[in-house]
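Notes follow the structure.
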Amino acid sequence: MDKDLNEKCNKRICIIQGLVTVVFVLLTGWLFLLQVLDINSYKVEGIATRSSNNLSLRGNILDRNGIKLATDELTYEVYAHPLMYSPKRPPEILAEILAPALEMPRDEIISKLKSKKINIITLKKEVSRQSAEKIGKSGLREISMGTIKRRFYPQGNIASNIVGFYSYMSDNSIGIENTAGDKLQSPVNTGSVQRKANGDIIFDFNTDVQNVTKKQKGEDITLTLDASVQYICEKELEKRIKETKAERGAVIVEDVTNGEILAYASYPNFNPNKFWEAPMAAMKNWSLTDIYPPGSTFKIITVATALDLGVLNEYSKVPDTGKMVIDRYKITNHDLKERPNPGMITLDELFEHSSNVGAANIALMLDKEAYYNKLYEFGFGRETGIDLTAESIGMLPKPKNWYKSRHATMGYGYGASVTAIQMVSAVSAVANGGVWITPHVIKYSAKELPNHVQTRQVVSPETAKTVTRLLAKSIARGKTPLNLDKYTTCAKTGTSRKQVNNGRDVYTSAIGYFPATNPKIAIYVVIDSPKTGVDFGGTIASPLFRKIATEVGTLLNIPSDKDSNNV
Amino acid sequence: MYKDGYQPVKTEGDKEILITTIILVVIGLMAVVSASLPMCVAKHLPPFHYVLKHLIWIVLGGFGLWFLSRFDYNNLRKFTFSFVFLVIILLLLVKFTPLGVEINGARRWLNLGFRFQPSELSKPALIMLLASLFSLKKEVFKAALPKYLLTAGLMIFVVLKQPNLSMTLILLGITFCMYICSGKSMKPIYIGLAVMLCLLGMIKTNIIDISNYVESYQIERFLNWHSSGTDTQGGGYQVFHSLIAISSGGIFGCGYGGGKEKLGWLPEAHTDFIFSVISEEIGFVGSLFIILLFLTILYRGTNIALKSPNMYGRLLAFGITLSITMQAFFNISVATSFLPATGITLPFISYGGSSLAVSMSMIGILINISKVKLARVARITGKRYEK
């Protein structure tokens, strides 16, 4: 072997060895940057790529017959990735493939596909499952889809003020969605789990095995509402409000025997599928949050209290002078012109003519403390405990603050301010043999019931029966629309002046229950500030009461009692 | 004849390179266990399906190593041409007969009851061919040049047409380096580089349409190199997940068997991207250790080459060393997105039997070469090596 060549060889081998070493050192440096310093933060990106939330669904909200009022819906979003367009499929051809599935005009898709400034183009949101399957089958690499869950309210506005809404985006809710939220929500929020490429969960030391394998759907909630009754109430209420150009209104239908709310219509309402478009005033259930003087409908409670406390009996007569002045406060009957001085009137006459002076006189006969306690027992001045949010306690002044005038006006519903639900539950107590039951909209199982629904004997059953008889008598005699064709009805109208707009606006209401022989259904109708028609409960609220009562009687198949006149 | 005071001496053979190889093979076996187990379970195969196959290849490779370390490498010279033609025939069999198996758009495997990749054999074949060629005396060299170059060119062309661009590049790299090391004139190298630059310029200015010569996916891969962050679903998917795996490892890794990217996310986790799996599980420490092991092979191999008493042994040893280290470098570079993606295995470690067996056999040749080395010897005690 040639010595020089040998030397030359060795030198070159060493140079190449050196070069290879250098590239290996460079590689190691790059590896150090990647692995130890993580310059591109691939570690976080990796966790994000592997992680995904468990698809947990909320339970449904059903009416008492199983009709869905709220449910979870899966929709799809379709994206395009401009970086992955292949020359084989330019946007024009892609659009051709996608147009039928997306139900979008081809040109619109092309223009969307061609917007190249972003990496991901959202082609369409809320794509149905069928369309998504079609797109999935076409196997386009540059198109991807995401699953989005959405709370969906199949009945639209129906019962929106009760059911409320839930937003997955902000985890926000009102109404039943809020009060029953714990149950509706999937029992455990497993958070995000790292997964294998095929979707299996990666179990490592930190994985809570029990959590991730649990069923990811919340409980269904059944309401006491009857969607059909609810529908009638909402439709009729809205019609009446539009006829009378009123501001707002509410209709509550309660089963007096167990406190279940069968319908709770409140106007204005909103579309929970687009809750973000609804004004605040429409989203709140005003009949639950706002208070107002109940007016003459309160006389039922006054008379019941007086009877129960033994101050009066069924056949007592009370003085009615047509008008009276207490502490410079004038109390007048609304029919003062027709009947200037009725004299002593019976209790059924009091109801029939809605005598303010008579009711004030009864109130003055009662002891302040006893009267207050009874009212408190009836549920005024405190929450009824209905399973809805933002309930007001109303306004029932303490007896030590009762001046004589307030004591008197309390009798015909001006001294206290109430919510609609307080009013209907109090009257339901009278209908239900004196037993007050917490009104509720969620149907509870026998086990849960005692925790959510309280009952208390407010007045004796005899008193309740007496009041029922008196009311039925007053209705049967008059020619009021409250006198139903099929049922003997106990009802009372009411009108109270609003303390705004110079007292020109009024709340008109009608409350009642039927059949009088065996009370089953209580209905309360209240309309706020009607602008047309006569400003009395009798003419604004009564026709609505009549319509709803008739329909409810038919829908719930309540037997007629008109022939068996044994009241 | 030899450097002053240096004489060829018979030795036991290089222990270090043997130990390094064994360590690499053991690491490879463990890595294949970790990377292939979840895949086998997902595919409903027996859990140790790939591990057992890997073990069989280790045994075969071990036999090759043992045999070739005892078989005098100077005798390999006689078999050079028959071996090269055998390889070419096998390559043609892959390309043109139903025995060839196509995976992921490349027809590289031969199905003889077991899968075998003949292009792996083209490495030792080319090294043997070139070592024979370049160790020829000047006068003979010119006469023999066309015959040798044609044969080598044919083999490289068939490999390129498989298509197997990465192997072609390695083969060309080996040719290039071995030519330089043979101490021949540098003129052809300079001319070659100039031609390459011209070609590149022409491609850049679209005078030559590159798509006529290389497969479309090869261009795509090149374009996706270092834009992997943006195209995470398509061509850059593999590299993206490989980078995730490597970065997730951190300094000490998440522990053996604890890697998450191998669970279906990283394709080819047990073969081409096994380095990513090791990086994720053992961390930077593990990656560094593997790189150091390959550097050890580079240094020991070079050492053997430098101390080989004849030119053939020297070129053979350096060619083998280079082919192993270059392949390792390419593989790790691809996994770390240091270079564009190519499908190439990590020697000794990746699952892929033929690569393992061929690499181990080549180490056998290296050890055989190291058995006779030049050493500074005292004339009295030194045992003369007589050819």
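Assorted remarks:
- Residue list for the stretch B:24-74, restricted to those being away from chain A (no Cβ under 14 Å) and among the basic types (Lys, Arg): B:Lys53, B:Arg70
- All of A:Ile120, A:Ile148, A:Ile174, A:Ile143 fail the test of being in contact with a strand residue (DSSP E or B) (Cβ under 7 Å, 6 or more places away or on another chain) and closer than 25 Å to A:Asn60 by Cβ, apart from A:Ile148.
- Scanning the stretch B:338-347 for residues that are surrounded by fewer than 24 Cβ atoms within 10 Å (Cβ to Cβ), farther than 19 Å from B:Ile103 by Cβ and either away from chain A (no Cβ under 13 Å) or polar (S, T, N, Q) (or both) gives a single hit, B:Pro340.
- Scanning the stretch B:105-125 for residues that are over 17 Å from B:Leu160 (Cβ atoms) and either in contact with a strand residue (DSSP E or B) (Cβ under 9 Å, 6 or more places away or on another chain) or outside any helix (DSSP H, G or I) (or both) yields a total of 7.
- No other residue among B:Pro46, B:Pro124, B:Pro118 is over 21 Å from the mean Cα position of the chain (by Cα) and not β-branched (Val, Ile, Thr) apart from B:Pro46.
- Unique residue being among the aliphatic types (A, V, I, L, M) and closer than 30 Å to B:Lys262 by Cα when the list is A:Ala263, A:Ala197: A:Ala197
- Of the residues making up the stretch B:283-314, those that are touching a helix residue (DSSP H, G or I) at 6+ places or on another chain (Cβ under 7 Å) and under 14 Å from B:Ile349 (Cβ atoms) are B:Gly286, B:Ser287, B:Ile290, B:Ile291, B:Leu293, B:Phe294, B:Ile297.
- Counting only strands (runs of 3 or more DSSP E) wholly contained in the stretch A:116-217, the ones carrying 3 or more residues that are of a type in the set (D, E, K, R) occupy A:121-127, A:143-152.
- Residue within the stretch A:31-39 that is more than 7 Å from chain B (Cβ to nearest Cβ), in a helix (DSSP H, G or I), over 21 Å from B:Leu298 (Cβ atoms) and more than 54 Å from the chain's Cα centre (by Cα) present: yes
- Within the stretch A:122-166, the set of residues being in contact with a helix residue (DSSP H, G or I) (Cβ under 8 Å, 6 or more places away or on another chain), within 14 Å of another protein chain (Cβ to nearest Cβ) and either within 26 Å of A:Phe275 (Cα to Cα) or surrounded by 13 or more Cβ atoms within 10 Å (Cβ to Cβ) (or both) comprises A:Leu140, A:Glu142, A:Ile143, A:Met145.
- Complete set of residues in the stretch B:247-260 that are more than 7 Å from chain A (Cβ to nearest Cβ) and either among the polar types (S, T, N, Q) or under 18 Å from A:Asn198 (Cβ atoms) (or both): B:Gly259
- A residue that is part of a helix (DSSP H, G or I), at negative phi and hydroxyl-bearing (Ser, Thr, Tyr) occurs nowhere in the stretch B:1-15.
- Residue in the stretch A:87-110 that is in a strand (DSSP E or B) and away from every other protein chain (no Cβ under 14 Å) present: no
- Filter result for A:Thr75 (among the polar types (S, T, N, Q) and within 9 Å of another protein chain (Cβ to nearest Cβ)): no
- Test result for B:Gly258, of a type outside the set (Lys, Arg), assigned to a loop (DSSP other than H, G, I, E, B) and modelled with pLDDT of 70 or more: yes
- The residue list A:Glu219, A:Glu243, A:Glu236, A:Glu260 contains one member that is of a type in the set (D, E, K, R), in contact with a Leu (Cβ under 9 Å, 6 or more places away or on another chain) and surrounded by fewer than 18 Cβ atoms within 10 Å (Cβ to Cβ), which is A:Glu219.
- Among the residues of the stretch B:290-337, those identified as assigned to a helix (DSSP H, G or I), more than 17 Å from the chain's Cα centre (by Cα) and at the interface with another protein chain (Cβ under 7 Å from one of its Cβ atoms) are B:Ala305, B:Leu306, B:Met311, B:Arg314.
- Of everything listed in (1) small (Gly, Ala, Ser); (2) touching an Asp or Glu at 6+ places or on another chain (Cβ under 9 Å); (3) over 30 Å from A:Lys114 (Cα atoms); (4) in a loop (DSSP other than H, G, I, E, B), the single unmet condition for A:Gly66 is (2).
- Test: residue in the stretch A:346-354 that is modelled with pLDDT of 90 or more, touching a strand residue (DSSP E or B) at 6+ places or on another chain (Cβ under 6 Å), of a type outside the set (Phe, Trp, Tyr) and surrounded by fewer than 17 Cβ atoms within 10 Å (Cβ to Cβ): no
- Taking residues in the stretch B:15-27 that are touching a residue at least 24 places away in the same chain (Cβ under 8 Å), and partners anywhere that are not in a helix (DSSP H, G or I), the pairs with Cβ atoms closer than 7 Å and at least 6 places apart or on different chains are B:Thr21/B:Phe348; B:Leu24/B:Phe348; B:Leu24/B:Ile349; B:Val25/B:Phe348; B:Ile27/B:Ile349.
- Members of the stretch B:1-58 that are modelled with pLDDT under 90 and among the acidic types (Asp, Glu): B:Asp4, B:Glu12, B:Asp14
- Filter result for A:Val311 (surrounded by 20 or more Cβ atoms within 10 Å (Cβ to Cβ) and not assigned by TED's automatic domain parsing to the domain that holds A:Lys68): no
- For A:Gly46: the one exception among (1) of a type outside the set (Ser, Thr, Tyr); (2) more than 53 Å from the chain's Cα centre (by Cα); (3) closer than 30 Å to B:Ser276 by Cβ; (4) at the interface with chain B (Cβ under 7 Å from one of its Cβ atoms): (2)
- Whichever residue in the stretch B:153-193 is among the small types (Gly, Ala, Ser) and in contact (Cβ under 8 Å) with a residue 40 or more places away in the chain and, among such residues, is farthest from B:Leu306 (Cα to Cα): B:Ser166
- The stretch B:266-289 - residue that is at the interface with chain A (Cβ under 10 Å from one of its Cβ atoms) and crowded, with 24+ Cβ neighbours inside 10 Å and, of those, farthest from B:Leu24 (Cα to Cα): B:Leu266
- Taking helices (runs of 4 or more DSSP H) as the structural unit, those lying wholly within the stretch A:371-470 and holding at least 2 residues that are surrounded by fewer than 24 Cβ atoms within 10 Å (Cβ to Cβ) and either in contact with a helix residue (DSSP H, G or I) (Cβ under 7 Å, 6 or more places away or on another chain) or at pLDDT below 90 (or both) correspond to A:404-410.
- From A:Val453, A:Val427, residue being under 29 Å from the mean Cα position of the chain (by Cα), within 26 Å of A:Leu544 (Cα to Cα), assigned by TED's automatic domain parsing to the domain that holds A:Asp387 and touching a residue at least 12 places away in the same chain (Cβ under 8 Å): A:Val427
The values are calculated or read from the model by the stated rules, or taken from the named source; none is laboratory data. Just so it is clear, the model here is predicted, and its values are computed rather than measured. A quick note on method: Cβ atoms are made from the backbone with ideal geometry, for glycine too, and the neighbour counts reach across all protein chains shown.
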